[in-house]
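**Student:** The structure's right below; bear with me while I get my questions together.
Nothing in this text is a laboratory measurement; each read-out follows from the coordinates by a stated rule. Source: prediction; values computed, not measured. Cβ placement follows ideal geometry from the backbone for every residue including glycine, while neighbour counts extend to all protein chains displayed.
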Amino acid sequence: MKARELFGVGGRQIGGCCWSQAAYWAFWAFMKNAQTGLGNPAISAREDLGYACLYLLLGTALFVGCNWFVWLAYGAPAKTTGTDETPPAA
C-alpha cells in the first residue's frame, strides 16, 4: 500500500471515529431528554446534542473531503501509461 493510499485510509478511519463520537454524544442527549437520571449533570442535553452535531459534521467532512486532503498533502496522482503493469505469467 502506497503512502498516499494509507493517508486516505487513515483519514477515513478518523472520520469513522468522529461518527462513533457523534453516536456517543447523541446517546447521552437522548438519555438526558428521557430524564433517566444518567449522565453528567454538569453538561446539558442541548450541549450533548451540539457535540453530536459537531462530530457528525466533522466525520462527514473527513469522509467526503478525504481525496481532497490526500491531493493537498501529496499532489496529483502520477499518470500511468499502461506499461507499468507487470506482464502476465506464462
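**Student:** Let me confirm something: among Gln13, Gln21, which residue is within 30 Å of Ala78 (Cα to Cα), assigned to a helix (DSSP H, G or I) and without any contact (Cβ under 8 Å) to a residue 60 or more places away in the chain?
**Tutor:** Matching residue, one of Gln13, Gln21: Gln13.
**Student:** Where the second residue is surrounded by 11 or more Cβ atoms within 10 Å (Cβ to Cβ) and part of a loop (DSSP other than H, G, I, E, B) and the first is in contact (Cβ under 8 Å) with a residue 24 or more places away in the chain and lies in the stretch 32-54, which pairs have Cβ atoms under 9 Å and are six or more apart or on separate chains?
**Tutor:** From residues that are in contact (Cβ under 8 Å) with a residue 24 or more places away in the chain, the pairs are Tyr51/Ile43.
**Student:** Moving on to the next point. If we keep just the residues of the stretch 29-63 that are of a type in the set (A, V, I, L, M, F, W, C) and not in a helix (DSSP H, G or I), which is nearest to Gly11 (Cα to Cα)?
**Tutor:** Only one residue fits best here, namely Ile43.
**Student:** Ala26: of a type in the set (Gly, Ala, Ser), part of a helix (DSSP H, G or I) and more than 30 Å from Glu5 (Cα to Cα), yes or no?
**Tutor:** In short, yes.
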